[in-house]
Amino acid sequence: MLEVKNMTVFFENALALNNLSLEIKAGEFVGIFGSNSAGKTTLMNNISGLLLHRKFREKAKGGERITIDGKLYFDGEDISPTIPQDRVKRGIVLCRERHPVFRDNTVHENLLLGGYLRSKKEVNESLDFVYDLFPALTRLRDRKSGLMSGGEQEMLAIGTALMAKPKLLLMDEPLLGLSPLMMQEVVQAVKKLSKTGLTILLTEQYARPIMPLIDRGYVIENGTMIVSGTGDELMDNPEVKAAYFGM
Ligand SMILES: Nc1ncnc2c1ncn2[C@@H]1O[C@H](COP(=O)(O)OP(=O)(O)OP(=O)(O)O)[C@@H](O)[C@H]1O
Ligand SMILES: [Mg+2]
C-alpha cells in the first residue's frame, strides 16, 4: 500500500531522516519506535505531505531550509509531489502528535470538520463509527474541546482523523502525555481499529503497550533505521529489550 524509499530530510544542515526505507501492506499494523528527536514526526509529516507543504511555504517567503529526498509510493503511484489535501483524498490521513483539536469548537463540530471533504451520508456513517469507538465522546458531544482532558482530546483527534475515512491511518505518538488509564483506552481503540482491517502506521516512544499489537515494526535512531521485524522479533531483540523494556 505504502512504500517509503530512501527518504532523506534535512532541516538546514541537520539530518532528520537518513535514507529511510519502509513498507506497509494493506491491512497491516506497523509501528515505528524511537526516542525524542529520532525523526518520528518528520517521517509522519513527510508521508502526509505536511513537510512538502512547509517547504513550499518557506520557498514562497523567500527562504528554503527543508530538503526532501527520496520517493513515496501509494498503491504503486508516486505521490512524492502530491499536496496534503490530495493525499487525504487518496486516503492517507494523519492524526498529529499532542492531540491537536480546534479548542473553541465542540467535539461534534471538530468531528464534522474532519469530514469536510465527504458527502453528508458518508459523514453520518463515520460519526456513528467514531461515537461507537469512543463512547466517552458521545457524552462530551457539545463540550468545547479546549476544556477537555488530554486523553479526551486524543480520542477526539483520532476520531477527527477517522472522519476523513482513511485507507492508511497515520498516528503520531497517540499515547504522549496520557495517564495510564487513558493510555489503556486509546490502546484498546487502536486495537479495535486494527481489527477492522484498517491499515495503520503508528509512531511511539512508549513502545510497551503497542509492541504486542503490531504486525511489524521499525526502530529508528537519529533518523536512521536500526532494527526491523515482526512484533515478536522486536520484543525478542536484545537491543530493543534494553532500550524499551529495561531488560
Ligand atoms: N521544523 C524544523 N526545523 C528544524 N529542525 C527540525 C524541525 N523539525 C524537526 N527538526 C529536527 O529534526 C529531528 C527529528 O525531529 P522529529 O520531530 O521528527 O523527532 P520525533 O521522533 O518526532 O521526536 P519527539 O519524540 O520529541 O516528538 C530533531 O533533531 C529535530 O530537532
Ligand atoms: Mg514527534
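The values are calculated or read from the model by the stated rules, or taken from the named source; none is laboratory data. Owing to the predicted nature of the structure, the values given are computational and were not obtained by experimental measurement. Here the Cβ positions follow ideal geometry from the backbone for every residue, glycine too, while neighbour counts run over all protein chains shown.
Quick notes on this one:
- Residue count for the stretch 170-185, restricted to those that are closer than 18 Å to Gly31 by Cα and touching a helix residue (DSSP H, G or I) at 6+ places or on another chain (Cβ under 6 Å): 4
- Filter pass, Val30 being touching a residue at least 12 places away in the same chain (Cβ under 8 Å) and in a strand (DSSP E or B): yes
- Number of positions in the stretch 175-206 that are more than 12 Å from ligand 1 (Cβ to nearest atom) and in a loop (DSSP other than H, G, I, E, B): 5
- When we screen Gly62, Gly70 for residues that are in a loop (DSSP other than H, G, I, E, B), over 22 Å from Asp215 (Cβ atoms), more than 16 Å from ligand 2 (Cβ to nearest atom) and not aliphatic (A, V, I, L, M), the only hit is Gly62.
Every residue, every condition in (1) in contact with a Phe, Trp or Tyr (Cβ under 6 Å, 6 or more places away or on another chain); (2) under 26 Å from Pro84 (Cβ atoms); (3) within 16 Å of ligand 2 (Cβ to nearest atom), yes or no:
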site: Phe134; (1), (2), (3): no, yes, no
site: Lys144; (1), (2), (3): no, no, no
site: Met163; (1), (2), (3): no, yes, no
site: Leu168; (1), (2), (3): no, yes, no
site: Gly177; (1), (2), (3): no, yes, yes
site: Val187; (1), (2), (3): no, no, no
site: Lys192; (1), (2), (3): no, no, no
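- Answer residue from the stretch 98-113, given it is over 14 Å from Glu154 (Cα atoms) and under 22 Å from the mean Cα position of the chain (by Cα) and is surrounded by the most Cβ atoms within 10 Å (Cβ to Cβ) among those: His108
- Meets criteria (within 23 Å of Gly177 (Cβ to Cβ), within 16 Å of ligand 1 (Cβ to nearest atom), buried (at least 20 other Cβ atoms within 10 Å of the Cβ) and in contact (Cβ under 8 Å) with a residue 40 or more places away in the chain) for Leu94: yes
- Odd one out for Asn46 among (1) touching a helix residue (DSSP H, G or I) at 6+ places or on another chain (Cβ under 7 Å); (2) within 16 Å of ligand 2 (Cβ to nearest atom): (1)
- Enumeration of residues in the stretch 205-218 that are touching a residue at least 60 places away in the same chain (Cβ under 8 Å) and in contact with a helix residue (DSSP H, G or I) (Cβ under 6 Å, 6 or more places away or on another chain): Ala207, Met211, Leu213, Ile214, Gly217
- Of all the numbered requirements in (1) more than 10 Å from ligand 1 (Cβ to nearest atom); (2) modelled with pLDDT of 95 or more, Gln85 misses one, and that requirement is (2).
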